[in-house]
Amino acid sequence: MEYVVEQSTKFKQEFATRRKRQILLVVPILAAMLAFTLFEDKAAQTVMGIPMAVMGPVFAVLVVGAIGYSFVNWRCPACRAYLGKRLGPQFCARCGVALQ
């Protein structure tokens with residue numbers, strides 16, 4: 001489908017916003033992983049003084065939530081198709097709209 005210039009510009013801006021959110025999504029996951037490695041007390045089985053039995057499920061929920069958010073966020077602004085694993089696709093594989 002052919003889009004007018006205004007629509008193409010809007011799609012590119014929306015893709016840039018989605019890409020930025022996708023990159024920012026990594027920050028809390030990396031922070032949690034860093035906290036797990038730096039503040040883990042293996043002898044007491046705690047992370048930052050919190051038992052591993054609590055922190056493990058909290059981290060798992062964080063990761064599942066991030067994956068769910070990513071699945072909803074990482075879609076083509078034109079046709080809403082999932083954009084796949086690549087962080088910088090040039091165009092949508094389904095509808096062919098230019099994303100960058």
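All of the numbers you see were taken from the coordinates with simple rules; none came from a lab. None of the values given here were measured: they were computed from a predicted structure. No Cβ is skipped: glycine too gets one built from the backbone with ideal geometry, and neighbour counts run over all protein chains shown.
Under a 5 Å amide H cut-off, with hydrogens placed 1.01 Å from N, Tyr3 pairs with nothing among residues at least 5 apart or on other chains.
Under the convention that each Lys and Arg Cβ holds +1 and each Asp and Glu Cβ holds -1, the size of the dipole of the chain around its Cα centre is about 360 debye.
Starting from the range 1-93, pick out the GluC sites (Glu not before Pro) whose DSSP state is loop and whose Cβ has at most 15 other Cβ atoms within 10 Å. Kindly include the intermediate steps, with their values, before the conclusion.
Numbers: sites: Glu2, Glu6, Glu14, Glu40; in loops: Glu2.
Within the range 1-93, the qualifying GluC sites (Glu not before Pro) (loop, at most 15 other Cβ atoms within 10 Å) are Glu2.
Quick check: from the Cα gyration tensor, does the range 59-100 come out rounded (a/c under 1.5), prolate or oblate? Verdict is prolate for the range 59-100.
Rounded to the nearest 500 deg cm²/dmol, what is the calculated helix-only ellipticity per residue at 222 nm for the chain, with -39500 (n - 2.57) per DSSP H run of length n ≥ 4? List each step's numbers first, then the result.
Details: 3 runs with 55 residues, N = 100.
It lands at -18500 deg cm²/dmol.
Pairs of Lys residues in the chain that lie 8 or more places apart, or on two chains, and have C-alpha atoms under 26 angstrom apart add up to 5. The loop-placed trypsin sites (Lys or Arg not before Pro) in the range 13-77, going by DSSP, that have at most 15 neighbouring Cβ atoms within 10 Å of their Cβ come out as Lys42. As a length-normalised measure over Cα pairs under 8 Å and 6 or more apart, the relative contact order of the chain settles at 32 percent.
Each of Pro77, Gln7, Val61 was placed along the dipole of the chain (beta-carbon charges, centred on the mean Cα), and the one lying farthest toward the positive end is Gln7. Using equal-weight Cα scatterers in the Debye expression, the normalised intensity of the chain in log10 at q = 0.13 Å⁻¹ is -0.58. Karplus-based coupling profile of the range 76-81, in residue order and whole Hz: 5, x, 8, 10, 6, 7, with θ = phi - 60° in 6.51 cos²θ - 1.76 cosθ + 1.60 and x standing for Gly or Pro.
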